Amino acid sequence: MGAAVYRTKFGSVEIKYVALNHELYVSRSDLIEAVRACCTDYVKPVANRLVDKYMEMFADSYDSKCAKLSESNIGPVIHFHAAGNLLDTMSDFNYTDDNELIESGRRIRALFLWLADSSYNASSYFGMTILDTLGSVRNRLDRHSPPFVVRVIHDGVWIGECDDLGLVTEANSYDELTSRVWEIAPELYAENGLGNSTDGMRIKFVQEQSSDSRMAL
């Protein structure tokens with residue numbers, strides 16, 4: 001593992017990353033400066049408030065920390081996946097006719113794409129594998145949007161059950177079963193009054209086996 005802080009640049013703005021407990025974080029103040037650099041002069045004064053607003057909407061206490069490593073204090077940091085969600089959301093100003101906001105959103109989209117590459121480079125710098133990174137994202141998604149657990153058993157046919165969705169279905173193969181679950185789960189989600197949108201819906205398939213019926217997928 002390299003030094004405690006990974007430094008890179010978006011244009012002329014330095015962006016610092018740290019790794020805390022195998023989780024990648026980006027400096028909050030650096031991210032705000034990068035957002036401000038993307039904004040038009042009309043939007044620049046509210047860049048800080050925009051970041052705070054979106055963090056309140058899409059982040060939790062695990063997404064924001066204060067990093068102090070040895071004698072290097074870079075202050076508040078944001079989980080890299082939360083930062084990506086933040087920029088992705090901020091780049092979408094299609095709901096407005098304000099040309100200043102639309103142009104700022106286009107520039108922030110460029111920052112969002114840049115962050116994806118730089119986060120990968122930072123992860124590699126700290127010795128984090130792609131599995132570490134994916135595991136970090138999965139853990140964050142599990143906090144914000146816990147998956148519906150579908151228990152899967154094989155008893156001549158493949159059977160899937162999910163109590164939270166009131167789902168019971170079967171199929172001749174495992175692949176057919178997962179396809180069937182994804183086909184009917186959104187409808188059950190709505191019918192059970194669990195929400196108005198299934199865009200962020202997540203399903204976790206857990207296969208249950210006994211010693212006399214175990215089989216590979």
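Each value in this text was obtained by applying a stated rule to the coordinates, not by laboratory testing. Just so you know, these numbers come straight off a predicted model, no measurement behind them.
Just the number, please: Stokes-Einstein D of the range 6-143 in µm²/s, Kirkwood Rh from C-alpha pairs, 10 °C, 1.306 mPa s.
104 µm²/s
Dimensions of the range 78-205 along principal axes (Cα, Å, largest first)?
Principal axes ranked by extent give 57, 43, 22 Å for the Cα atoms.
How many percent of the alpha carbon pairs in the range 148-207 exceed a separation of 13 Å?
The answer is 56 percent, as a whole percent.
Here are some pairs, K65/K204; K53/K204; K44/K65; which of them have Cα atoms lying more than 27 Å apart in this structure?
Long pairs (Cα-Cα over 27 Å): K65/K204; K53/K204.
Using a 10 angstrom cutoff on alpha carbons, build the Gaussian network for the chain and name the most mobile of A47, A19, A185.
Evaluated over the chain, the most mobile residue of the options is A185.
Among G195, G135, G105, whose mean-square fluctuation peaks in a Gaussian network model of the chain (Cα, cutoff 10 Å)?
G195
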